[in-house]
Each structure stands twice: as structure tokens, then as C-alpha cells.
1. Quick one: which residues, 5 or more positions from Gly12 or on another chain, have an amide H under 5 Å from its amide H? H modelled 1.01 Å from N in the peptide plane, none for Pro or chain starts.
2. Label Asp91 and Arg308 with points 7 Å out from Cα along Cα→Cβ: what is the distance between them in nm?
3. Does the range 7-121 come out rounded, prolate or oblate, given a ≥ b ≥ c as the square roots of the eigenvalues of its C-alpha gyration tensor, rounded meaning a/c under 1.5 and, failing that, prolate meaning a/b above b/c?
4. Could you please rank Thr126, Thr98, placing first whichever residue has the fewest other Cβ atoms within 10 Å of its Cβ?
5. Which order do Asp252, Asp37 fall in if you start with the one that has the fewest other Cβ atoms within 10 Å?
6. Given Cα positions, please report Rg to Rh for the range 116-264, the hydrodynamic radius being the Kirkwood one.
7. Fully extended, how many nm does the chain gain between Ala253 and Lys76 (0.36 nm per residue separation, minus their Cα-Cα distance)?
8. Please sort by residue number the chymotrypsin sites (Phe, Trp or Tyr not before Pro) in the range 1-104 whose DSSP state is loop and whose Cβ has at most 12 other Cβ atoms within 10 Å.
Amino acid sequence: MGSVSLLSVIVGEEELLVDRAVAEIVAAARADDPEVDVHDLVPSQVTAGTLVEVTSPSLFGERRVVVLRSAQDFTKDIAAEVTAYLNAPADDVVLVLTHAGGAKGKALLEAAKKAGAQRIDCPKPTKAAERLQFVKGEFQRAGRQITQDAAQALLDAVGNDLRELAAACTQLVADTEGRVGTETVARYHTGKAEASGFTVADRAVEGKLGEALEQLRWSLTVGTAPVLINSALAGAVRGLAVAAQPPRGMSDADLAKRAKVPPWKLRTLRQQARGWTPQGVARALEVVAETDALIKGAGRDPGYALERAVIEIAAARNQRG
């Protein structure tokens, strides 16, 4: 399909970087063919039937991008089906596999390599210098600059979560001009105001609407960036999704890793997950994605968008069917 490789494997544990790599391939495929059909599937959605369906030659000749997420979690049968496909790929399908990169499901990685798939590595920035480089890179992507001291101040204020760091960078780029220095960062992140975003998120997923709205208004009043509040909401809902439907036989340590929370927070997550249905969780995930788009430019009033998100997430908690 034009300049886009038909087989790609994206390797790494850092979700944000993997998501970006996937988005770049999809964007390149759309540049070649705006009508391209995209199927983005997680392991629970992949059966032998769906695999055949999304990769079979199309009657109408439309091209497709098929993204298979977390390939290391595939069952043996599905891994075998994917391997068989890799040996005889369709010429109108761009297949993208994402893989955490560990020993689990390594045979599939090998099969992809053998089939000539392009490999894109997304290593997690683990060292302080790498995280600093990530912050600077976020500003460079936007055609802007941040001083070394300001980048360090941002890391100190926001912490090491890449999604939250990216959100904080986006906010600073949107609201400021020129080179960003320490004074600007201090103005946005006095103390740990953004921690209140987590309080908003906890009350919303617990269905405590009055408290959640009160916390939200306070957070916005003290100057917490809207992107950070929505990032906290997204984190809470993603954690909920893991706690509400944990994969069979998964240890608490792995569960905590998947939910991106310290192990001690699992008990809180499990309590919060009570009363949630899969439909409710799916709706809440939609809400945070919509709110992200509204805050980053599609809407005019971030405060209103967040208020609506909190109301809808609290309502989703009681959603049935």
C-alpha cells in the first residue's frame, strides 16, 4: 500500500509511545488512501473468525489497516493463526502487531521478523535523562523550546507518567508563547495542585457526583491544567476497566502493572469497580476520549467539557445494557 510497510511490529511497554507509533502508520496509510478501513483490536476481540474476516480479500477492493494489540497475550490458537497469516499476507492489508517485548509470546515476534516485518521499538524512558529528553522532544514536536531547568521543574511537578507529562507539555504549548522557562512552569504547577485531579477522578468513578463537581471547580480555580484533570480521569477509568474484568489467573502484581497503579491501590480499584458493568466502562472510556479532543482544541470551554465528563462518568456507573 504505497509507502506503508504491509507488516509492522511495534515493540515496547509504554502505551503512549506505542499508541503514537500506531497512529503514525494509520496516518501514513490514510495519506495513501483516505478511504482506508481501520480495525484496531485488543486480544479479547480477536478470534479466528474476526482474523479471517478482517484480513480476507475485500469484495469492494477497499484497503485496510489491521492493528492487533498486545500480541503477547494471544492464546496459542490465535498466535498460530496470526503466524499463518504472516507467512502469506494479503497485499491490500497493512498489519500492525504491538508487543510488550518480554519473553511471553516471543515466537510471534520471531515469526514477524522472519516474514520481513518492519520493527519499531518504543523503549520506556526509565532514566531521569531520558525523561528529560522526552519533555524536550514534546516541545520540539510542537516547534517550541523549553529550558533544561524548566523541563526538570516540570518533571518534578508532574512525575514520571508519560501520558501526564505529554498532557502537561501540550497545555504549556497551547497557553504560552516563546521559550518556556521555570517561571512559566511554576505558574502552572504551584505545589502539587494537579494531585487534586486524582480526587476528581476517584469521586467520579465512585459515582459521588456532588463531591466530584466540587473538587473539579476547586481544581480549576487553583489553576490545575484541564489536560491533567482529564488525564487523571482517563487513568481512573482505564484502571477500572482492568479491575472490573481481570484476565483469568493474572497475579495481583501483573494486574497492578496493567492498571498502571501501585499494588496497594488495587483494593481501592476493586471497590471502585463494584457497580460498574462492561457497558458502563466502555461508555466512560468514550467520554474521556471525547473530552480529550474537546480540551485539545475541538471545544472552546475546557471547564464545561470536564464538567460534562464528570457527570457522564458518574452516570455511566449505573449503566445497564
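1. The answer is His99, Ala100, Gly101, Cys122.
2. 4.7 nm
3. Oblate shape, in that a/c is at least 1.5 and b/c is the bigger or equal ratio.
4. Details: Thr126 9, Thr98 24.
Listed from fewest to most nearby Cβ atoms, that is Thr126, Thr98.
5. Asp252, Asp37
6. 1.02
7. Full-extension gain reported as 61.4 nm.
8. When the chymotrypsin sites (Phe, Trp or Tyr not before Pro) of the range 1-104 are filtered for loop state and at most 12 Cβ neighbours within 10 Å, Phe60 remain.
Any read-out appearing in this document is the output of simple, stated calculations on the displayed coordinates, not a laboratory observation. Keep in mind that this is a model prediction, so the values were computed, not measured. Ideal geometry is used to build each Cβ from the backbone, glycine not excepted, and the neighbour counts take in all protein chains shown.
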